[in-house]
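Novice: For reference, the structure I am asking about is given below.
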Amino acid sequence: MAYYDQIAEGYNELHGEEQRKKLKIVKKHFKPKGLILDIGAGTGIAEKYFDNIVMMDPSKELLKKAKGKTVVGKAEKIPFPDKTFDAIISITALHHTDIDKAIKEIKRVSKENCIYAFTILKKAKNHDKIVEELKKNFKFSKEINEEKDTILIS
């Protein structure tokens with residue numbers, strides 16, 4: 001994650017507008033109640049769209065830009081007890097993970113009836129595998145074909 005630590009200062013300038021665009025789409029279709037985990041939260045842009053959110057990212061430098069609750073961590077080893085979260089989001093981050101390990105961890109920290117919103121970067125080399133694995137493991141009511149991402153919402 002050294003790359004993201006290095007670009008932390010200018011991250012929002014580089015990616016903020018794109019992330020906000022995706023979050024507006026997610027917000028329109030995703031109505032979480034309870035505690036939310038944002039996997040790959042970066043600078044915490046999602047905290048402006050959702051309440052009661054815990055932002056997790058492997059980059060300490062990106063998280064320093066966030067204002068709410070933050071925790072350094074990776075999707076493959078989420079540092080929370082079993083059945084902690086009512087909703088989990090990940091905006092353009094899961095392509096950086098070992099998706100099989102990430103799914104196992106997402107399931108572990110999900111409460112019963114947890115809901116999900118994931119956006120997967122279309123140009124990621126593992127896009128199709130990630131989307132396929134997510135669909136195999138979670139029920140989604142919406143699949144939105146956004147300009148740069150596939151958006152899956154339960």
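Novice: Quick one: length gained pulling N113 to N145 fully straight, 0.36 nm per residue minus the C-alpha distance?
Specialist: Full-extension gain reported as 9.0 nm.
Novice: May I pose another question? Work out from phi, with θ = phi - 60° and the Karplus expression 6.51 cos²θ - 1.76 cosθ + 1.60, the ³J(HN,Hα) of each residue of the stretch 117-128, listed in order in whole Hz, and give x for Gly and Pro.
Specialist: 9, 10, 10, 10, 4, 4, 7, 5, 5, 9, 3, 4
Novice: I'd like the GluC sites (Glu not before Pro) in the stretch 82-148 restricted to DSSP loop residues with at most 12 other Cβ atoms within 10 Å, sorted by number.
Specialist: E147
Novice: Let me ask something else about it. Nearest 5 is fine: what % of DSSP beta bridges in the stretch 2-153 come out antiparallel, could you say?
Specialist: The answer is about 35 percent antiparallel.
Novice: Please go through the residue pairs K101/K135; K27/K48; K22/K77 and name each one whose alpha carbons sit more than 20 Å apart in this structure.
Specialist: With Cα atoms farther than 20 Å apart: K22/K77.
Novice: Charges only on Cβ, +1 for Lys and Arg, -1 for Asp and Glu: so what's the dipole of the stretch 2-153 about the Cα centre, in debye to the nearest 20?
Specialist: Approximately 420 debye in magnitude.
Novice: Under the definition of Cα pairs under 8 Å and six or more residues apart, what whole-number percent is the relative contact order of the chain?
Specialist: That works out to 20 percent.
Novice: Let me ask something else about it. Taking every pair of alpha-carbon atoms in the stretch 2-153, give the share separated by more than 26 Å as a whole percent.
Specialist: In whole percent, the share of Cα-Cα pairs in the stretch 2-153 beyond 26 Å is 15.
Novice: Using all Cα-Cα distances in the stretch 19-100, what percent lands in each 5 angstrom bin from 0 up to the longest?
Specialist: That works out to 3, 15, 28, 27, 19, 7, 0, in percent per bin.
Novice: Around D149, which amide H atoms from residues at least 5 apart in sequence, or from another chain, sit under 5 Å from its own amide H, with H modelled in the peptide plane?
Specialist: Those lying under 5 Å, H to H, from D149 are K122.
Novice: With a 10 Å radius around each residue's Cβ, average the other Cβ atoms per peptide and rank 33-45, 74-86, highest first.
Specialist: In descending order of packing, they fall as 33-45, 74-86.
Novice: Mean shadow of the stretch 72-127, computed from the convex hull of its alpha carbons, in nm²?
Specialist: Computing the convex hull of the Cα atoms and averaging its projections yields 3.7 nm².
Every read-out reported here was derived from the displayed coordinates using simple, explicitly stated rules and does not represent laboratory data. Here the structure is a predicted model, which means the values were calculated and not measured. For neighbour counting, all protein chains shown are included, and Cβ atoms are generated from backbone atoms with ideal geometry for every residue, glycine included.
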